[in-house]
Structures are given as structure tokens and as C-alpha cells.
Amino acid sequence: MDYKKRVEELKDEMIDSIIKVVNIPSVKDENSKEYPYGEDIDKALKKTLEICESLGFKTHYDEEGYYGYAEIGEGEEMLGILGHLDVVPAGEITNWNSDPFNAEIREGKLYGRGTQDDKGPTLAAIYAVKALMDSGVKFNKRIRFIFGTDEENLWGGISKYMDNEEIPTFGFTPDAEFPMIHAEKGLLQAKLVSDVGSDVNLSSGNAFNAVPDKSKYNGKDKGELKKELDKLGFEYEEDEESIYVIGKGAHASQPHNGINAIARLCIALDNIGINSKAIKFIAEVVGEDYNGKNIFGNCEDEPSGKITFNIGMINLDKNMEEVSVDIRIPVTKEKSDIVENIKEKIKDYDLKYEEFDYLDSLYVPKDHELIKTLRKVYEEETELDSTPLVIGGATYARSMDNCVAFGAIFPGQEKVEHQANEYIEVDRLMDVTKIYAKAVYELTR
Ligand SMILES: [Zn+2]
């Protein structure tokens with residue numbers, strides 16, 4: 001079986017297919033009446049299914065347009081490969097050196113929105129299977145590519161699939177990094193609210209999942225606040241109306257990389273006697289500890305490390321208080337215990353718990369057959385360390401059991417997803433395709 005040679009022969013066709021799909025600007029359209037996430041995402045889905053059909057897969061398009069899938073092989077068991085066809089917006093267009101939706105190759109790199117996240121890797125996996133098919137491989141399991149359409153937002157597409165369709169026995173998603181991610185912490189977002197107002201108006205932060213890099217204050221006692229910030233050694237800026245406490249932005253799954261500007265402002269405001277239950281809670285209980293020790297104790301486990309607790313937003317006025325938090329829960333810990341811990345602490349501050357969003361954790365133990373097989377394939381192909389990774393972020397792998405994220409970014413490779421000039425190196429794309437081919441071969445024995 002010379003599937004690697006076949007991968008090489010399919011190179012031009014594969015790149016051509018990636019370009020066709022990348023050139024469809026499949027950014028979510030909130031205002032679409034006809035399609036769940038807009039006409040362009042639907043076009044990208046249909047185009048991908050059309051490509052799969054031409055390669056010999058059986059395809060299915062969800063009649064409401066939430067997802068599609070392409071299948072080959074025979075048997076009871078099913079290997080699922082979960083990719084997504086939506087992309088984040090191009091952002092500031094002047095930051096791109098070429099049209100993000102007119103992909104082109106320059107110096108061995110294919111540039112365009114979605115080349116790395118996730119159209120390139122998804123099509124690489126499709127062509128990997130095509131190379132096996134052309135090499136006469138018989139699959140003893142079914143292989144189903146499941147195409148999500150809303151990964152960059154609320155995962156509506158893949159959730160519909162999991163509700164409506166056959167769930168694969170096991171699988172992988174080519175939407176993260178190598179060697180593989182076998183544990184993803186539980187992701188809980190909640191609001192801590194009170195209908196008792198506060199002394200001051202305060203509104204800071206843009207998202208649950210970001211460590212706020214700045215927190216603005218334009219209430220009373222600004223002089224005292226400045227003195228207190230100086231005393232604490234907390235950086236700030238000011239203009240005529242306001243004081244801005246300066247932090248450092250980071251993703252909420254890695255709060256140790258940031259400095260929480262809201263926490264710092266609240267600590268200082270509490271010290272000067274500003275009257276607010278929410279501020280008091282943050283100052284006394286949370287402080288600058290992003291592991292929430294005063295709430296959860298030492299909450300950690302071997303596979304996934306410590307819990308993280310991020311204050312993403314705060315909104316206070318004379319009628320209400322609201323603190324928005326993002327919590328990443330170690331994979332072996334129970335969400336209900338975590339929620340109890342929070343409720344127990346906030347009741348002293350007259351705050352109530354309101355859940356906003358929750359994504360269950362993912363954990364596939366290292367002795368699982370899937371992990372063992374993927375590690376062996378990866379080591380044989382790359383001669384690199386295959387120790388599985390743990391993240392606080394979320395991939396499609398957590399939408400079903402026995403699934404991991406597997407590629408397509410190699411260790412040390414530049415991560416360009418969601419950025420201007422997103423690209424995938426053509427040589428690495430070929431490596432990825434060969435790894436996926438071998439992985440699918442091994443997983444369908
Ligand atoms: Zn992605």
C-alpha cells in the first residue's frame with residue numbers, strides 16, 4: 001500500500017479544493033432568515049459535501065442546514081472526524097497582504113482565512129482518506145466526516161448533529177495541535193448578581209473569557225483612589241474624567257499570563273471604603289488569585305492541573321450589581337461541587353449565582369486505545385514526543401465521548417488562526433495529510 005505516494009499525487013487537487021472552500025467567506029451572519037448561520041456558511045458546507053461526493057464519499061446535508069457529513073467504509077463501529085467550515089471574520093483588512101477570501105500561495109505558504117482554522121486541516125483529512133481509498137485500502141469501520149458550521153460561536157451545528165444523528169464510536173478533530181489534546185477542562189461561565197445597587201457606577205471588561213486589560217473608574221474619591229493605587233503599586237493612567245487601572249490581557253484559560261485590571265481596581269476601591277457587595281467580594285475573596293483558592297481550596301488533579309477563575313466583566317449601578325466570571329474546571333472534578341463552593345461564598349455578599357454557559361470537560365485516559373494508536377502513528381511519522389496535552393480551551397472533541405484533538409499545528413509552529421495573514425505551509429500540509437492517512441488506516445483495522 002503506497003498511500004504516501006498517492007498523497008503526493010493528490011497534492012494539487014487538494015490545494016485546489018482548499019482554495020475553493022477558503023474563498024467562500026463563511027463568517028456567521030446573524031441576520032440570515034433562510035440559513036441557520038448565513039448563506040456563505042451554507043455555501044461552504046455544500047461545496048465541501050460536493051467535493052467529498054466527487055471523491056467517492058456518501059454525503060448527507062442536514063435539511064435545515066446545521067451540519068453535513070460524508071461517509072465511507074463498512075462495519076458497526078464508526079470513526080468520526082470533526083471539522084468546521086465557519087471562520088472568524090477577516091478583521092482589519094489592511095493588515096492582510098492579500099485578500100483573505102482569495103487564497104494564494106506565496107513562498108510555500110497558502111494564505112487565506114480558514115487555511116489553518118479549520119478548512120485546510122479538514123480537507124487534509126478528507127484527502128488522506130481519499131489516498132487510502134485510491135490505494136485499495138478496505139476499511140473495517142465506517143469513517144464519517146462531520147462538518148460543523150458554528151464552531152467559532154456557540155457550536156449550534158455540531159450540537160444539532162449530536163442530537164439528531166448517529167454518534168461515532170470514537171474520533172478526532174483536526175482543529176488544534178499535535179501531538180494531541182486528551183483533556184479539556186470543564187468550562188463554566190456564570191454571573192454573580194444582586195438587585196441591591198452599589199455606591200458607584202462601574203462598567204468594565206468585554207468578555208467572560210478574557211482577562212480585562214483595563215478598568216475605568218469615574219466615580220467619587222478619585223484622589224484617594226490614586227493614592228491607594230500608588231500604595232499598592234498598581235499601574236494606572238488618567239485623563240480629565242477617569243482613572244484607568246492597567247492590567248494585562250490574556251485568555252481566561254491562561255489567566256497566569258495576564259493581570260486582572262478589574263480585580264486590581266476593586267481591591268483599591270474596597271480599601272478606600274467604597275460601598276459595594278460585589279467589590280467587597282472581589283477584594284476579600286478573589287483578590288488577584290486566579291485559582292480561586294478562597295472559594296475552592298486547592299482544587300486540582302493530575303491530568304489537568306488547577307482550576308482557574310477569571311473575572312471577565314463587572315457592571316455596577318445604583319440598582320444592581322453583576323460580576324461575570326469564567327471558570328475552567330479540572331477534568332475529574334464535579335461541576336455541581338464547584339457551583340456549591342461559589343454559592344456558599346457569595347451568599348455572605350448577597351450575590352446570587354446565574355449560570356450563563358457550560359461545556360462539559362473532555363478526558364480520554366492515556367491508556368485508551370485511541371490515544372495509544374495516535375501516539376504510535378505520530379511518533380513513527382515525526383519522531384517527536386507524543387505526550388498528550390491538556391488545555392483549558394475547547395475543541396469539538398468535547399462534543400462526544402472517546403474523541404481527542406489531533407493536529408494540525410506542529411509544536412513550535414506559528415499559530416496564526418484568527419489572525420491577519422493566516423496561512424498553512426504547503427509542506428506541513430502534506431505532512432499532516434500523511435499523518436492523518438496513517439492514523440485513519442490504523443484506527444480502522
Ligand atoms: Zn477552529
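Checked against (1) within 30 Å of TYR61 (Cβ to Cβ); (2) more than 16 Å from the ligand (Cβ to nearest atom), ALA190 passes all but condition (1). Residue count for region 163-176 under the criterion of being outside any loop (DSSP other than H, G, I, E, B) and within 11 Å of the ligand (Cβ to nearest atom): the result is 2. Considering region 190-218, the residues that are open to solvent by 20 Å² or more (accessible area, probe 1.4 Å) and of a type in the set (Gly, Ala, Ser) include one that is nearest to GLN254 (Cα to Cα), namely ALA210.
From the list ASP348, ASP401, the lone residue that is in a helix (DSSP H, G or I) and over 19 Å from GLU442 (Cα atoms) is ASP348.
If the condition is being in contact with a helix residue (DSSP H, G or I) (Cβ under 8 Å, 6 or more places away or on another chain) and exposed (fewer than 15 other Cβ atoms within 10 Å of the Cβ), then region 243-259 contributes only LYS248.
For ASN23, the test of being of a type in the set (S, T, N, Q) and exposed (fewer than 14 other Cβ atoms within 10 Å of the Cβ) is failed.
Considering GLU334, GLU340, the condition of being of a type in the set (D, E, K, R) and over 28 Å from ILE181 (Cα atoms) is satisfied by GLU340 alone. Exactly one residue out of ILE105, ILE93 is away from the ligand (no atom under 16 Å from the Cβ), over 29 Å from ARG6 (Cα atoms) and surrounded by fewer than 18 Cβ atoms within 10 Å (Cβ to Cβ): that is ILE93. Among the conditions (1) over 30 Å from LYS4 (Cβ atoms); (2) open to solvent by 10 Å² or more (accessible area, probe 1.4 Å); (3) in contact (Cβ under 8 Å) with a residue 12 or more places away in the chain, the only one that GLY233 does not satisfy is (3).
Could you check region 408-433 and list, in sequence order, the residues that are at negative phi, surrounded by fewer than 21 Cβ atoms within 10 Å (Cβ to Cβ) and more than 19 Å from the chain's Cα centre (by Cα)? Matches in region 408-433: GLU425, VAL426, ASP427, ARG428, MET430, ASP431. One residue stands out in region 37-65 among those that are open to solvent by less than 50 Å² (accessible area, probe 1.4 Å) and of a type in the set (Phe, Trp, Tyr): the one that is farthest from the chain's Cα centre (by Cα), namely PHE57. Screening LEU225 on (1) crowded, with 20+ Cβ neighbours inside 10 Å; (2) closer than 26 Å to ASP326 by Cα shows it passes everything except condition (2). Checked against (1) surrounded by fewer than 24 Cβ atoms within 10 Å (Cβ to Cβ); (2) charged (D, E, K, R); (3) in a loop (DSSP other than H, G, I, E, B), ASP117 passes all but a single condition, namely (1). Restricting attention to region 243-298, which residues are farther than 23 Å from ASP337 by Cβ, at pLDDT below 95 and among the hydroxyl-bearing types (Ser, Thr, Tyr)? Listed by number, the list holds a single entry, SER276.
When you check GLU442 against the structure, is it open to solvent by less than 10 Å² (accessible area, probe 1.4 Å) and modelled with pLDDT of 95 or more, yes or no? No: the conditions fail for GLU442. Scanning region 142-153 for residues that are open to solvent by 30 Å² or more (accessible area, probe 1.4 Å) and away from the ligand (no atom under 14 Å from the Cβ) turns up just one, ARG142.
The values are calculated or read from the model by the stated rules, or taken from the named source; none is laboratory data. Remember, predicted model here, so these are calculated numbers, not experimental data. Note that each Cβ is placed from the backbone with ideal geometry, even for glycine, and that neighbours are counted across all protein chains shown. Calculation scope for accessible area: heavy atoms of the full protein, side chains included, ligands and nucleic acids excluded. Shrake-Rupley method; radii C 1.70, N 1.55, O 1.52, S 1.80 Å.
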